[in-house]
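The values are calculated or read from the model by the stated rules, or taken from the named source; none is laboratory data. This one's a predicted model, so the numbers in the text were calculated from it and none came from an experiment. Here Cβ is always computed from backbone atoms with ideal geometry, including for glycine, and neighbour counts include all displayed protein chains.
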Amino acid sequence: MNSERPFLPLWDFGWVDQTSILLSGIESAAEVPEAYYRSPEFDNSFASPEPRSPGIHGPFRKTALTGTDFVPISLPEFRAKVAQIRRPIEILEPASDEQWKPVESLVSDLCDRTIAIYMLRFTEVDRNRFHDFGWIHRIFREFICVQNDLTITRVVFGYD
């Protein structure tokens, strides 16, 4: 397992985490969500300089999620879901054109090389699944993009 974590800044305290992850022991894109859930990469608060947070995934308790909570979406749905994130909550101004251009580039690149996309069906509104400090994530949206070689690019939009 290895990963690389470049971040893109959004809004004032927002970000996009785009992490390349190599999962071992999978033979098809359909196996990715469950393999990702079982991997050490899943235990991540996305709110700490230390990426490993056992039992936590973003704002959620790991036990409140399963691999089946990642639902398949089409490339057009992925583009539309990401476009909606530009202004995710009323108190924020939309991300500026300067901030959003790298996001559009990332999405185009991923769409060109992705064979399957999964979206975590829970977001920052699902507070009943939060851990004790999950409330710090004002925004949390996650996508898993599977490439031909079965590596994945995890794309998480957050605001904390």
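Of everything in the range 136-153 that is at pLDDT 90 or above and part of a strand (DSSP E or B), the residue that is nearest to residue 57 (Cα to Cα) is 142. When 24, 39, 53, 3 are screened for being over 12 Å from the mean Cα position of the chain (by Cα), under 21 Å from residue 158 (Cβ atoms), of a type outside the set (Val, Ile, Thr) and at pLDDT 80 or above, only 39 passes. Among the residues of the range 59-106, the one identified as modelled with pLDDT of 90 or more, of a type in the set (Phe, Trp, Tyr) and in a helix (DSSP H, G or I) is 78.
Filter the range 107-135 down to residues that are modelled with pLDDT under 90 and part of a helix (DSSP H, G or I) and give me whichever is farthest from residue 156 (Cα to Cα). Even if it seems obvious, please write down each step before you answer.
Of the residues in the range 107-135, the ones modelled with pLDDT under 90 are 121-135.
In the following step, the residues that additionally are part of a helix (DSSP H, G or I) were identified as 127-129, 134-135.
On the way: 127: 18, 128: 20, 129: 18, 134: 15, 135: 16 Å.
Looking at the filtered set, the residue picked out is 128.
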